[in-house]
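These notes are about the structure you will find just below.
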Amino acid sequence: MAAESRTDAAGEADCIPNIGPLGRQRRMRYGVRLFLASAVLAAALVVSGAARSWRLLMLPLLWAAATGVFQAREKT
């Protein structure tokens, strides 16, 4: 009998994690730390009266933070 893949209500196949619990924990910590660093940077830029264009420097930090958190949550 052929192996059948399980699907959910949306018709998508079940997620098979390719990262262990320790790796997920590391990625989540990485993401949270970067979110905190970007919050501190944002506060420093606002308090110092820096131009709004300088806040674009936070984009790579926020992108990396979101990537870490989403990867940890999706177990990839």
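The values are calculated or read from the model by the stated rules, or taken from the named source; none is laboratory data. Being a predicted model, the structure only gives us computed values, none of them experimental. Here the Cβ positions follow ideal geometry from the backbone for every residue, glycine too, while neighbour counts run over all protein chains shown.
Observations on the structure shown:
- Note on the range 30-76: among residues that are within 23 Å of Asn18 (Cβ to Cβ) and of a type in the set (Ser, Thr, Tyr), the one that is modelled with the lowest pLDDT is Thr76.
- Within the range 1-29, considering residues that are among the basic types (Lys, Arg) and modelled with pLDDT of 90 or more, the one nearest to the chain's Cα centre (by Cα): Arg27
- Selection from the range 50-69 of residues that are surrounded by 12 or more Cβ atoms within 10 Å (Cβ to Cβ) and either of a type in the set (Ser, Thr, Tyr) or in contact (Cβ under 8 Å) with a residue 24 or more places away in the chain (or both): Leu61, Leu62, Ala64, Ala65, Ala66, Thr67, Gly68, Val69
- Considering residues of the range 27-49 that are hydrophobic (A, V, I, L, M, F, W, C) and within 23 Å of Glu74 (Cβ to Cβ) only, the residue surrounded by the most Cβ atoms within 10 Å (Cβ to Cβ): Leu34
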